[in-house]
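The values are calculated or read from the model by the stated rules, or taken from the named source; none is laboratory data. Since the structure is predicted, the reported quantities are computational estimates derived from the model, not experimental observations. Cβ sites come from the backbone with ideal geometry, for glycine too, and all protein chains shown count toward neighbours. Areas reflect the complete protein model, heavy atoms only, side chains present, ligands, DNA and RNA absent. Shrake-Rupley method; radii C 1.70, N 1.55, O 1.52, S 1.80 Å.
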Protein chains: 2
Amino acid sequence: VNFSPGPSALPLPVLEEAQATLVTLPEVGASPLEVSHRGSWFTGVIEEAEANLRELLAIPETHRVCFLQGGATLQFSMVPMNLLRGTGRAAAYVVTGSWSEKAVAEAEKEGRVRIAWTGREEGFVRVPDAAELDLPRDAAYAHVTTNETIQGVEFREIPAIDGAVPLVADASSDLLSRPMDLDRFGLLYGGAQKNAGPAGLTIVIVRDDLLERIPDGLGAMLDYRTFVRSSSLYNTPPVFAIYVVLLVTRWLRDEIGGLKAMADLNEEKASTLYSVIDEMPDVYRGHADPGSRSRMNVTFRTIRLPAGELDRAFVEQAEREGMIGLKGHRSVGGIRASIYNAVPLDGVRKLAAFMREFAAGIR
Amino acid sequence: VNFSPGPSALPLPVLEEAQATLVTLPEVGASPLEVSHRGSWFTGVIEEAEANLRELLAIPETHRVCFLQGGATLQFSMVPMNLLRGTGRAAAYVVTGSWSEKAVAEAEKEGRVRIAWTGREEGFVRVPDAAELDLPRDAAYAHVTTNETIQGVEFREIPAIDGAVPLVADASSDLLSRPMDLDRFGLLYGGAQKNAGPAGLTIVIVRDDLLERIPDGLGAMLDYRTFVRSSSLYNTPPVFAIYVVLLVTRWLRDEIGGLKAMADLNEEKASTLYSVIDEMPDVYRGHADPGSRSRMNVTFRTIRLPAGELDRAFVEQAEREGMIGLKGHRSVGGIRASIYNAVPLDGVRKLAAFMREFAAGIR
């Protein structure tokens, strides 16, 4: 079972279909790694990938879907280049963990940043309520990270913000894991490599009216309008990664039954692990406050001394039993089980059983 | 036979190996589409990919190899952001076709551009001699496009330039097609999707001393130093594309025998087609002057009237005989046979035979 934080597990039927066609797509006579991005096969792929994303996420007509490269980290720069540079305003950032902090560092290169809230002093164990946010009404935008992969804290509800301030979200690690109300977002972005596909593709969903705020003079590949106007075909896109996203979205629709069903399954997976943590407070301690617990990255540690040693033993024993990717991020330590869409419930139950056995062994 | 201009043919053994491991890498127990970029398997992949590139291209110790995303088009912006912005100098661009012109348009957003030479008025049929270049001795850098994919003109020899001016090259469409003297280049970049791998990966080779010129304040993903310092692992790289580059470089080394052997084969492929064109001046006309002919993209047209109609017939008949991707770029028209590394000599001979038959049919 692959509990890696990203790149992470992909659904087996997706891998099998990608494998079957990797040397030759029957309808083309060439590999998806070598077909033209201007040909009719790929035109069908990118159009259906977008249509499936629109259907799954109920993306409103007011929003464009773009396929970019460079990961969320490039978006940390592109968002303020497009929406902050030259405005004279501040951008408000809600800082809930390591990825929010990285986003702030990049935004500060482009303009003024106002920290609307930070959980740093508390150790990034929770997300804030709307009432806690220090959000100027004339902010260029408000930025949130819907799920913090490293700390394992997630917004169950995105706080209500003043409707005049565009809400921008890094949803890299929970995009497609559950329904999201896209109407509320001015711009939402995510690297594909958690729930949507392989590494090397970034999905950006942007509301039309924000395009009008973009200053002229940005590099073509750094200006969202380039991707909107060309339907993401200004230059050669990552053809194969988009094809895999197509297969993943078909799997979500046809095998899983849509994002509500996916969310229910993810909720069950997450509570399977959190309930073991809560059952055994003398052995395990969850990193996040219960109300802010991520359904994607379950972060916890063992609390027996010597600190850290049992965590290492946990990760090593789990790996011997076929469960990989469980080591916590070096900045937080401990254990992290990333249970993205493609991690099966059975695999999560296996980990829960292992957690009980491991606890019994050290008690 | 796949004569597409890019993404383009990949070697069959590479596709077969990628296919065999696509669901499960035996040594990892997971797909290359889902493994962690921090794990030992991928560490081995990226290190060997770099080592193979270094060996094949004889990259000197003074130069770093980086794996980026965004294609050459993002490099059109990154080069002047890193090497022109704030210098007060001009960057000199040698304009040999459509891609050079795009590079100029992006550079102009970042600073002053001096056109060292342009072939626009001649219709981009050739590359210039060193003596023709108007190159200021204090230029921030001189930029060339080693091969113009659309017009099919290529530098056989890169013109000598003043050693104090760093030479920057877009080598997207001939990188790895032949030996190149990397000592002469300050920075050389190329999208992978012609000779090196699939779309979604950009290879950048940069000389150490140029890193010292980079202004502070660039976005992390837009600053070459980020990639050098992190060995291209600052954020999640396009794991699978880098894996395919590894397989391609192994094929070049072990099956082809290195870049000199590859260059000889490419020369034979190109002359197989150009000799048909030269044999039949009453039917075909090559776009490029003979001394500037590309060994990667053979551009030509039929010269019988009505103009254009026979070109279309040529492309359609060839496609019926299993030769795809031959339509010339819309900006140039006519016919273009892209004969990158992975297009086999047999396939090129088949096209040459078809050219002779087609000519006989209309004479």
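Return the subset of A:Lys109/B:Lys102; B:Lys327/B:Lys350; B:Lys109/B:Lys194; B:Lys269/B:Lys327; B:Lys194/B:Lys269; A:Lys260/A:Lys327 for which the Cα-Cα distance in this structure is over 22 Å, preserving the input order.
Values: A:Lys109/B:Lys102 27 Å; B:Lys327/B:Lys350 17 Å; B:Lys109/B:Lys194 28 Å; B:Lys269/B:Lys327 19 Å; B:Lys194/B:Lys269 16 Å; A:Lys260/A:Lys327 30 Å.
Beyond 22 Å between Cα atoms: A:Lys109/B:Lys102; B:Lys109/B:Lys194; A:Lys260/A:Lys327.
Could you do me a favour and compute the accessible area per residue for region B:1-153, 1.4 Å probe, result in Å²? Before the final figure, lay out the partial values.
Details: 5330 Å² over 153 residues.
Per-residue accessible area for region B:1-153 comes out at 35 Å².
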Region A:8-31 and region A:213-236: distance between their alpha carbon centers, rounded to Å: 30
Note, ³J(HN,Hα) from phi for region A:263-275, Karplus 6.51, -1.76, 1.60, rounded to Hz, x at Gly and Pro: 4, 4, 5, 5, 5, 5, 4, 5, 6, 4, 7, 5, 5
Between region A:333-363 and region A:311-329, the alpha-carbon center distance in angstrom: 9
For region B:264-282 and region A:47-113, distance of Cα centres in Å: 50
Cα-derived Rg to Rh of chain B, Kirkwood definition: 0.98
Candidates B:Ala116, B:Ala261, B:Ala313: whichever shows maximal mean-square fluctuation once chain B is modelled as a Gaussian network with Cα springs under 10 Å: B:Ala313
Top of A:Gly44, A:Gly258, A:Gly347 by mean-square fluctuation, Gaussian network on chain A, Cα under 10 Å: A:Gly44
Antiparallel DSSP beta bridges within chain A, percent to nearest 5: 60
Virtual spin-label span in nm between A:Arg85 and B:Asp181, 7 Å along Cα→Cβ: 3.8
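Counting only DSSP beta bridges with both residues in region B:156-271, tell me the antiparallel percent, nearest 5.
So the antiparallel bridges amount to about 60 percent of the total.
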Accessible-area composition of region B:174-274, carbon plus sulfur, in percent [1.4 Å probe]: 45
Per-pair calculated FRET efficiency, R0 = 45 Å: A:Asp138 and A:Leu12 via Cβ, rounded to 0.05: 0.35
Largest to smallest principal axis extent of the C-alpha atoms in region B:260-363, angstrom: 42, 29, 26
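So for the protein assembly as shown: antiparallel DSSP bridges make up what percent, rounded to the nearest 5? Present the calculation step by step, with values, prior to reporting the outcome.
On the way: 46 of 78 bridges.
Given both bridge residues lie in the protein assembly as shown, the antiparallel proportion sits at roughly 60 percent.
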Volume per residue of the C-alpha convex hull in the protein assembly as shown, rounded to whole Å³: 151
Pair B:Glu108, B:Ser230: separation of 7 Å Cα→Cβ label points (nm): 3.3
Candidates B:Asn297, B:Asn147, B:Asn235, ranked by Gaussian network fluctuation over chain B, Cα under 10 Å, top entry: B:Asn235
Chain B - mean residue ellipticity at 222 nm from DSSP helices (-39,500 (n - 2.57) per run, n ≥ 4, rounded to 500): -10500 deg cm²/dmol
Inter-copy label distances at B:Gly257 (7 Å, Cα→Cβ; nm, one decimal): 6.2
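Per 0.36 nm of contour for each residue apart, how much would the distance between B:Ser331 and B:Arg363 grow if the chain were fully extended, relative to their Cα-Cα spacing? If you can, show how the numbers build up before the last one.
On the way: separation 32, 0.36 × 32 = 11.52 nm, distance 2.77 nm.
Extra length from B:Ser331 to B:Arg363 when fully extended: 8.7 nm.
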